[in-house]
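To start, the structure under review is shown below, and the notes come after it.
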Amino acid sequence: MNVEAGNDVLHEAAFKPKGRLLKDLIRDKWLYVMLLPGIVYFLIFKYAPMYGLVMAFQDFKPQLGFLESPWVGFKHFERLFNEPQFFMLLKNTLILAVYNIVFFFPAPIILALMMNEVRREGFKRVIQTLVYIPHFVSWVVVVGLCYILFTTENGIINELLYRITGDKIAFLLESSWFRPLIIGQQIWKEVGWGTIIFLAALTGVDLQQYEAARIDGAGRFRQLWHITLPAIRSTIVILLILRLGTFLNTGFEQIFLMLTPTNREVGEVFDTYVYVKGMTQGQYSYSASVGLFKSAVALVLVIGSNWLSKRFGEEGVY
């Protein structure tokens, strides 16, 4: 009798998680239905195209397809690493990627913290709307605005400089101004949109902590340093890890539109290089190998940064 009772307990324990899982699925069925479009999107546009990576190890011919194109192993990777332009491309891409981490990544955090200190809700909503709008402007328009502002021929900025100093600066032609313009455009366009996640994280901060801090005599800055920042630290770490996953993705459209013969030495990056080799010259296998190299670097950075975050006591992405 005791043996049978014990077997019943074991049987119930073994099947209880499955029953709980089924109940959870039934209870949250509409949430999973809403999740389906996102899953389908990633399956079609992210996972299915990964089959095409095999062309990086082939001498791909469109008329032969993936199955009949000859295999060449690591030939295209050897060509990439021996290419005279490789170190120039790597240098330009790394510099822009580091600038993104150093200057662009903290910008939404700082703006979100500033907006969180605004107490008038109406004024806060107006500011949020204004800083969100540039996200919906295409890069073509952003670069066009940049040309209108900074061109030496009737550009607003250069006209002001000329009236103040008597000189004009060729912002769009001088290579030394290329990277500051790229980072400035990214900050103007995306900083407002990037505040959404941080503002959502800030809504979870317990207001009683601020009241207790004020009673103890803490000012705004000390409340920010000891309450607000620790509350969103995990969010910052996760977004930083995800940002490292796109470390070498400096953005094709923006840089391609800003490139000129005079700034190509500092502006040519892997993204524009892949476009030239793959789309204009038809070197599909070689351009696929460049893209696979970027993906491999991104994977290593995500795994390494996630491991470091856990070593320092943070949650990480997985």
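The values are calculated or read from the model by the stated rules, or taken from the named source; none is laboratory data. Every value quoted in this text rests on a predicted model; they were computed, and no experiment measured them. Cβ sites come from the backbone with ideal geometry, for glycine too, and all protein chains shown count toward neighbours. Just the protein is used for accessible areas: all its heavy atoms, side chains included, with ligands, DNA and RNA removed. Shrake-Rupley method; radii C 1.70, N 1.55, O 1.52, S 1.80 Å.
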Open item on the list: For region 107-150, give me each residue that is touching a helix residue (DSSP H, G or I) at 6+ places or on another chain (Cβ under 7 Å), more than 30 Å from P230 (Cα to Cα) and surrounded by 13 or more Cβ atoms within 10 Å (Cβ to Cβ).
Closed with: V137, W139, V142, V143, C146, L149, F150
Open item on the list: Could you check region 249-271 and list, in sequence order, the residues that are within 20 Å of F87 (Cβ to Cβ), in contact with a helix residue (DSSP H, G or I) (Cβ under 8 Å, 6 or more places away or on another chain), open to solvent by 10 Å² or more (accessible area, probe 1.4 Å) and not acidic (D, E)?
Closed with: N249, L259, V266
TODO: Output the residues belonging to region 40-64 that are touching a helix residue (DSSP H, G or I) at 6+ places or on another chain (Cβ under 9 Å), of a type outside the set (G, A, S) and open to solvent by less than 90 Å² (accessible area, probe 1.4 Å).
DONE: L53, V54, M55, F57, Q58, D59, F60, K61, P62
Open item on the list: Restricting to region 182-218, name every residue that is part of a helix (DSSP H, G or I), open to solvent by less than 70 Å² (accessible area, probe 1.4 Å), out of contact with any helix residue (DSSP H, G or I) (no Cβ under 7 Å at 6 or more places or on another chain) and over 30 Å from L172 (Cα atoms).
Closed with: I196, A200, A212
TODO: Scan region 151-163 for residues that are open to solvent by 60 Å² or more (accessible area, probe 1.4 Å) and either over 23 Å from L259 (Cβ atoms) or not acidic (D, E) (or both) and jot them down.
DONE: N154, I156, L160, Y162, R163
- [ ] Among the residues of region 272-303, write down those that are among the polar types (S, T, N, Q) and either within 19 Å of the chain's Cα centre (by Cα) or crowded, with 20+ Cβ neighbours inside 10 Å (or both).
- [x] T272, S285, S287, S289, S295
TODO: Determine if region 136-150 includes at least one residue that is of a type in the set (S, T, N, Q) and either within 22 Å of the chain's Cα centre (by Cα) or assigned to a helix (DSSP H, G or I) (or both).
DONE: yes
Task: Selection within region 234-266 - modelled with pLDDT under 90, polar (S, T, N, Q) and within 17 Å of F104 (Cβ to Cβ) - done: T235, T246, N249, T250
TODO: Starting from residues that are of a type outside the set (A, V, I, L, M) and under 22 Å from E159 (Cβ atoms), keep the ones in region 169-181 and report whichever is surrounded by the most Cβ atoms within 10 Å (Cβ to Cβ).
DONE: F178
